[in-house]
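Here, each number is a calculation from the coordinates, and none is a lab measurement. For clarity, every value in this text was computed on a predicted model and none was experimentally measured. Because the Cβ atoms are built from the backbone with ideal geometry, glycine has one as well, and the counts that use them run over all protein chains shown.
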Amino acid sequence: MDNPGSSIISAFGAGSGVDFVQLATDLSDATFSFQRENLEARNEALEARISAASLLRNSLTTLASALGDRIRTGDLAPTADIDNPGVASISTTPGLTPTGTYSLEVSQLADSQTLVSQNYGSSSDTVGEGTLRIRFGEVDGASFAEDTDQTPLEIEVTDSDTLQSIAAKINSASGGALDAYVANGTNGAQLVIKGEQGANNGFTIEGESSAATPSAIPGDLSYLSWQPSTDAGELRQSAQDALFELDTVQLSSESNTVTDLPEGMILNLTATNVGAPTVIAFENDNTAISSLMSDFVAALNDLAASINEEGAALGGTLANDPGTRELKRDLGRLTSEVVMPNAEEGEPSTLSDLGLSLNRDGTFSLDTERLNATLAASPDGAAAMFTTGVFGVFATMDNLSRDNTLLSDPGSLGGSMVRYEALVESNEERLTRIADQQESLRSRLTRDLVAAESRISTSQSTLSFLQQQIEAWNGSS
């Protein structure tokens, strides 16, 4: 007859090497695997959405930023032409568009003061101990008017300082305001000091000697002193402002590079032309505008292609995403957007006036005939659309970029990213709780199965004893 005890032992695996600890791990893992895998799959999809939204967001901000950089570099500024290019060169302030013509007559160029000391035997000669004081201001003939807004230089001179080392100390103390060096000429070594351009950047030198009886000879610091009232030929060039007339208006500048002129014009004066004014004229660079519009349309199409791919209803990573839909709608309205609300009647005011055209598939094309017609009819109006002001092409794209990437707007790409990131965080928290629950179940199952194994082992011993008794009974009968 069959042994009922053997079938019980076999059923429970007692004594067969079953790993109840691994069994508990497998059971707990299987219990929560569906929830865990579901949440992990959701997070994977959310991460893909975050990545796609971030890509679109970055593409949009990069487009607006690149457009601003292109305008700020002055590539689109009207080109300047001057009848006498030897008098000055002209540039423009990025983002501004000068127009019209101007007359320019330069009577004086800005210059810096050049001072050459009396002779020394060599550059290694000591100059004498004391304090070298340099004051700044305007030198006018034999007089000096100190500029109290400029702090005088106080240079301590030791008894070992030479003409060469004092030049280095002047350069260091002035922070670039003065350029000092030693020139070894036919009459010996001389200290040359040059200042900055502008009448108010002249200077005097006071050599305060530490000697008991200063002698004003080589080796005594007072020998380096210079005042315009006692000039004996040391002054080789006086500091002066540039003087010029722009449209007959007298102007001056400390430097030959003149800024703060009408409409952002910048002059670099190079010569005088007294009695022979030259004419400056600005013409719009239509070729640069056409080139920018071509590049702008290409960049818009790159963005539109990404939106169509990522936002596709079937298979798109950002299908049904509100931020992507809103961006697509905004781009669809771009051609009719009024970018110059203050434009006069008949002047260009929309991007369609610059040839931007929207295709049925959401991409863009450039209507060169429309663009050329605008440039021919209103070149100034077209140029005015490419500034960094509150209106224009850049301002429109900058506002579109800001509106669609705003993190606090749930309907923007920025808002979509915030929402997806919050869902990922929530799912991560749920995964953490599931891991805790799984570990708790694994511990409980391990404890219960190990206890069951112990009880089965005890039962196995009892069954073995009973089996032996039954076999003994059967044998005796």
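Taking 0.36 nm per residue of separation and subtracting the Cα-Cα distance, full extension of the segment from residue 41 to residue 232 would add 59.7 nm.
Full extension of the chain between residue 434 and residue 103 gives 111.0 nm of extra length, using 0.36 nm per residue less the Cα-Cα distance.
Net charge of the neighbourhood of residue 440, taken over other residues with C-beta under 12 Å away and scored Lys/Arg +1, Asp/Glu -1, is +2. Projecting the Cα positions of 115, 28, 45 onto the charge dipole of segment 17-135 (unit charges on Cβ atoms of Lys, Arg, Asp and Glu, taken about the Cα centre) puts 115 furthest along the positive direction. A crude spin-label estimate for the pair residue 279 and residue 468, with each label 7 Å from Cα along the Cβ direction, gives 13.0 nm.
According to a simple spin-label model (label point 7 Å from Cα along Cα-to-Cβ), what is the distance in nm between residue 208 and residue 388? Placing both labels 7 Å along Cα→Cβ, they lie 4.7 nm apart. Placing dummy labels 7 Å off each Cα toward the beta-carbon, the span from residue 259 to residue 329 is 4.4 nm. Placing +1 on the Cβ of each Lys and Arg and -1 on the Cβ of each Asp and Glu in the chain, which of 207, 71, 473 has its Cα farthest towards the positive end of the resulting dipole? Ranked along the dipole, the leading option is 473. Taking a virtual spin label 7 Å from the Cα of residue 48 along the C-beta vector, which residues in segment 303-319 bring their backbone nitrogen under 19 Å of it? Only 306-319 fall inside the zone, counting backbone N under 19 Å. Short-range pairs are left out: with C-alpha atoms under 8 Å and at least six residues apart, the relative contact order of the chain is 23 percent. A dipole drawn for the chain from +1 and -1 charges on Cβ atoms has a positive end, and of 284, 335, 176 the residue lying farthest that way is 335. At an R0 of 22 angstrom, the distance between the Cβ atoms of residue 251 and residue 84 translates into a FRET efficiency of 0.75. Full extension of the chain between residue 129 and residue 402 gives 91.8 nm of extra length, using 0.36 nm per residue less the Cα-Cα distance. If a spin label sat at a point 7 angstrom from the Cα of residue 61 along the line to its beta carbon, the backbone N atoms of segment 389-406 nearer than 18 Å would be those of 395-406. Rounded to the nearest 0.05, the FRET efficiency derived from the C-beta distance between residue 72 and residue 305 at R0 = 30 Å is 0.65. Look at the alpha carbon pairs under 8 Å that are at least 6 residues apart: their mean separation over the length of segment 286-376 gives a relative contact order of 26 percent. Between Rg and the Kirkwood Rh of segment 296-374, both from Cα atoms, what is the Rg to Rh ratio? Rounded to two decimals, Rg/Rh equals 1.07.
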